[in-house]
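The values are calculated or read from the model by the stated rules, or taken from the named source; none is laboratory data. Predicted model, so just to flag it, every value in this text is computed and none were measured. Methodologically, a virtual Cβ is constructed for each residue, glycine included, from the backbone with ideal geometry; neighbour enumeration extends over all protein chains shown. Ligands, DNA and RNA are excluded from the accessible area calculation, which covers all protein heavy atoms including side chains. Shrake-Rupley method; radii C 1.70, N 1.55, O 1.52, S 1.80 Å.
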Amino acid sequence: MGRVVLDTSFSSHDADELWASLTATEARRLAGLLLYQAAAVDPQAAEAPGVVEVLSAAGNAYAIRIRGHELTVDQPLTGGGKDTAPTPGELLVAAVALCAAHCAGRFLDRHGADRADLRVRAEFRMVDDRPARVASLSLTVVAPELPPEEVAALRAVVSHCTVTNPVASPAEMELRVLSDGGV
């Protein structure tokens, strides 16, 4: 088994202490790097594709497990959470934007255009009534290296990504609720 190495070099504001202080941004980056290294030295057996498990973490925060990967969601302070992670609605929007970026990146590769400066921005608004849901979503794909004559083709590819399709044409959904430890 490999080991994950954490180098805690001192900064001038650490005043010769045995600990290192981190800003919130630095702590998030460190957490991401540690997860990346842990996966590299101790790959977990991949679970079957098509299975996502959600477990209570603390308060309104939940852990999401997908094929050995773990993500966290939470609610903002105004929604009773601690705002430690994105909300489920934000992850839905992020999934659409990520799928658009993935499709655009592959399109750029196929057409010999550089994907280095590819960006996708998603702007969304939630409804004010019930049921709670995303009311509107606007995606902007920025592909600076794409020749202008290829823009329409890229738009067509991105508009049919795997995540956008079930949002535009809802998937069949079955809901079961079990109690007494049933699975």
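Here are the numbers:
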read-out	value
Any chance Ala31 is farther than 30 Å from Val141 by Cα and outside any strand (DSSP E or B)	no
Region 114-135 - residue that is touching a strand residue (DSSP E or B) at 6+ places or on another chain (Cβ under 9 Å) and assigned to a loop (DSSP other than H, G, I, E, B) and, of those, most open to solvent (accessible area, probe 1.4 Å)	Asp128
Which numbered condition Leu77 fails, given (1) free of Cβ contacts under 8 Å to residues at least 12 places away in the same chain; (2) touching a Leu at 6+ places or on another chain (Cβ under 8 Å)	(2)
Residue ID - farthest from Arg29 (Cα to Cα), chosen from residues in region 40-92 that are polar (S, T, N, Q), modelled with pLDDT under 90 and touching a strand residue (DSSP E or B) at 6+ places or on another chain (Cβ under 7 Å)	Ser56
Residue tally, condition open to solvent by 90 Å² or more (accessible area, probe 1.4 Å) and small (Gly, Ala, Ser), over region 66-111	0
Test: residue in region 111-121 that is of a type in the set (D, E, K, R), more than 30 Å from Ala40 (Cβ to Cβ) and modelled with pLDDT of 90 or more	yes
In region 49-65, residue most open to solvent (accessible area, probe 1.4 Å) [restricted to those that are outside any strand (DSSP E or B) and touching a Lys or Arg at 6+ places or on another chain (Cβ under 7 Å)]	Pro49
Members of region 136-177 found to be without any contact (Cβ under 8 Å) to a residue 24 or more places away in the chain, polar (S, T, N, Q) and either open to solvent by less than 60 Å² (accessible area, probe 1.4 Å) or closer than 29 Å to Asp114 by Cα (or both), listed by number	Ser136, Ser138, Thr140, Ser159, Asn165
